[in-house]
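*Asks:* Structure incoming, see below.
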Amino acid sequence: MALASWAVAILCALCGAGFSLTSASSVEPHGRAGWGAGSSRATTRPRGGPTNNGHAGQLRPADIEPPPRPVRLWPVQEDIDRVLISPEQIAHRVGELARQITADHPARDGDAEITILPVLTGAMIFCGDLIRQLPMRMRIGLLAVSSYPGRSIASQGPSLLAQQTRHVRDRHVLIVDDILDSGSTVRFVQRELAGQQPASVRTCVLLRKDRPEARQTHVDYVGFDIPDEFVVGYGLDFNDYYRNLPAIVTLKKHLLPG
């Protein structure tokens, strides 16, 4: 069951290639003031398309099968208000995070392997992209935490629905989550893992909202600091939709919860 769940996650991590989104604004990544400032608006290219560097590992669709016919992305495309963070910005920042984690982690010196614990379901795409850039031995567990039942975004208090964390005791652990909002999920997971006696626990989040609760919650790695807005894409959802968008976007007002 666990292997099947992770296989689904990896497949989902590959699913954004057909989208073409234009960035309407840029968000600076955490810890890199001015990065992306003043840059031109970027349009995505399908992953695996032609490249100028000739890397052998990047296959074009034509190498596998005839190019697919164009598909109009309706109605998902029409639900988007604006692109907050483009796929190019995400890819660049994920690479930076991977380098920071590699440099910081004790496993770098052969002290121990690392256990990666993504918080499902929002972190699956982010985690899939991140771990492919971590050059170390690792085991991957799973955490399923419920914080937002139904359509409501008001936290009812997190609860642990499922876990695969048997490789935690005396190991270095990296929690991977999609967004730091109220901070309740991250704090809950950190407390749960502390009771399992890991050698160390670090936390990496892709997004951190501009909220006091988020800034008061300790995390070790932050991808982007964003405004306090409801966002979807790159794993984040609204009612289980929009996870497959390759960018972080806002939705049109008439679609927003509340």
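Every number in this text was worked out from the coordinates using simple rules, so none of it is lab data. Quick caveat: nothing in here was measured; it's all calculated off a predicted structure. Cβ coordinates were reconstructed from backbone atoms using ideal geometry, including for glycine residues, and neighbour counts include every protein chain displayed.
*Asks:* How much length, in nm to one decimal, is gained on full extension between R169 and D228, taken as 0.36 nm per residue of separation minus their Cα-Cα distance?
*Replies:* Extra length from R169 to D228 when fully extended: 17.6 nm.
*Asks:* Let me ask something additional. Counting only other residues whose beta carbon sits under 10 Å from that of R243, what net charge do I get with K and R as +1, D and E as -1?
*Replies:* Net local charge, R243 excluded: -3.
*Asks:* Excluding A214 itself, calculate the net charge of residues whose Cβ lies under 15 Å from the Cβ of A214, where each Lys or Arg counts +1 and each Asp or Glu counts -1.
*Replies:* Neighbour charge sum, excluding A214 itself: -4.
*Asks:* Search the structure for amide H atoms under 5 Å from the amide H of I179, placed 1.01 Å from N in the peptide plane, and list their residues when 5 or more places away or on another chain.
*Replies:* Result for I179 returns L206, L207.
*Asks:* Can you give the local net charge around G183? Use residues other than it whose beta-carbon is closer than 15 angstrom to its beta-carbon, Lys and Arg +1, Asp and Glu -1.
*Replies:* -3
*Asks:* What does the extension gain come out to for S200 and Q77, with contour length at 0.36 nm per residue minus their alpha carbon separation?
*Replies:* Full extension from S200 to Q77 adds 40.1 nm.
*Asks:* Another question about this same structure. What area, in nm² and to one decimal, does the C-alpha convex hull of region 185-236 cast on average over all directions?
*Replies:* So the mean shadow area of the Cα hull is 4.1 nm².
*Asks:* Sorted by average packing, counted as other Cβ atoms within 10 angstrom per residue and highest first, what order do 174-185, 87-98 take?
*Replies:* 174-185, 87-98
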